[in-house]
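First comes the structure, then the notes that go with it.
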Amino acid sequence: MNRKKLQKLTDTLTKNCKHLFRGFDKDNDGYVSVSEWVYGLSLFLRGNLEEKMKYCFEAFDLNGDGFISKEEMFHMLKNSLLKQPSEEDPDEGIKDLVEITLKKMDHDRDGKLSFSDYEQAVREETLLLEAFGPCLPDPKSQMEFESQVFKDPSEFNDM
């Protein structure tokens with residue numbers, strides 16, 4: 001398989017994943033090594049809920065402090081939501097959404113989400129896994145990727 005074909009396949013799988021690099025670069029060295037890439041693909045294609053929760057939480061924890069703050073939520077939601085023309089200030093609507101999200105997910109009521117808060121909320125309602133934006137490939141992209149990669153393994157001999 002040549003470079004262009006592999007790039008196209010990877011792009012198909014990850015097109016909606018806004019936080020892909022941060023999630024794959026586990027050692028935060030600014031590079032995704034082969035082992036990090038293989039681990040990331042494994043998580044995308046076969047990961048269980050626990051692995052996906054850890055991946056998404058780490059991607060949403062923008063500053064890496066172990067919490068998702070109100071500011072991080074605001075930033076991610078602002079960049080994820082479609083902007084609607086309206087008379088109202090869109091930032092106010094996002095601030096309201098952050099407050100609603102905290103009421104739903106912040107179980108210890110400290111004004112930020114720990115992994116424990118996030119995990120409990122996602123276990124109660126799995127739709128909250130990607131509450132702050134897409135992190136994982138959608139099922140259609142995943143199936144398309146797998147059908148291309150696994151249809152003829154001999155194509156990888158050309159790499």
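The values are calculated or read from the model by the stated rules, or taken from the named source; none is laboratory data. The model shown is predicted, which means the values in this text are computed figures rather than measured ones. Cβ coordinates were reconstructed from backbone atoms using ideal geometry, including for glycine residues, and neighbour counts include every protein chain displayed. Surface areas here come from the heavy atoms of the whole protein model, side chains and all, with no ligands, DNA or RNA. Shrake-Rupley method; radii C 1.70, N 1.55, O 1.52, S 1.80 Å.
Scanning the stretch 73-91 for residues that are open to solvent by 80 Å² or more (accessible area, probe 1.4 Å) and assigned to a helix (DSSP H, G or I) yields 75, 79, 90. Taking the criterion of being over 19 Å from residue 71 (Cβ atoms) and part of a helix (DSSP H, G or I), the residues of the stretch 103-120 that qualify are 116, 119, 120. With respect to the conditions (1) hydrophobic (A, V, I, L, M, F, W, C); (2) at pLDDT 75 or above; (3) open to solvent by 40 Å² or more (accessible area, probe 1.4 Å), residue 44 falls short on a single one, namely (3).
Is it the case that the stretch 61-72 has a residue that's open to solvent by 90 Å² or more (accessible area, probe 1.4 Å), under 22 Å from residue 26 (Cβ atoms) and modelled with pLDDT of 85 or more?
The initial filter retains those residues of the stretch 61-72 that are open to solvent by 90 Å² or more (accessible area, probe 1.4 Å), namely 63, 71.
In the following step, the residues that additionally are under 22 Å from residue 26 (Cβ atoms) were identified as 63.
Still in the list and also modelled with pLDDT of 85 or more: 63.
Yes, the stretch 61-72 contains at least one residue that is open to solvent by 90 Å² or more (accessible area, probe 1.4 Å), under 22 Å from residue 26 (Cβ atoms) and modelled with pLDDT of 85 or more.
Within the stretch 108-135, the set of residues being modelled with pLDDT under 90 and open to solvent by 20 Å² or more (accessible area, probe 1.4 Å) comprises 134 only.
Residue by residue, here is whether (1) over 19 Å from residue 54 (Cα atoms); (2) in contact with a helix residue (DSSP H, G or I) (Cβ under 7 Å, 6 or more places away or on another chain); (3) of a type outside the set (A, V, I, L, M, F, W, C); (4) free of Cβ contacts under 8 Å to residues at least 24 places away in the same chain holds:
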| residue | (1), (2), (3), (4) |
| --- | --- |
| 92 | yes, no, yes, yes |
| 100 | yes, no, no, yes |
| 109 | yes, no, yes, yes |
| 119 | no, yes, yes, no |
| 122 | no, yes, no, no |
| 133 | no, yes, yes, no |
| 144 | yes, yes, yes, no |
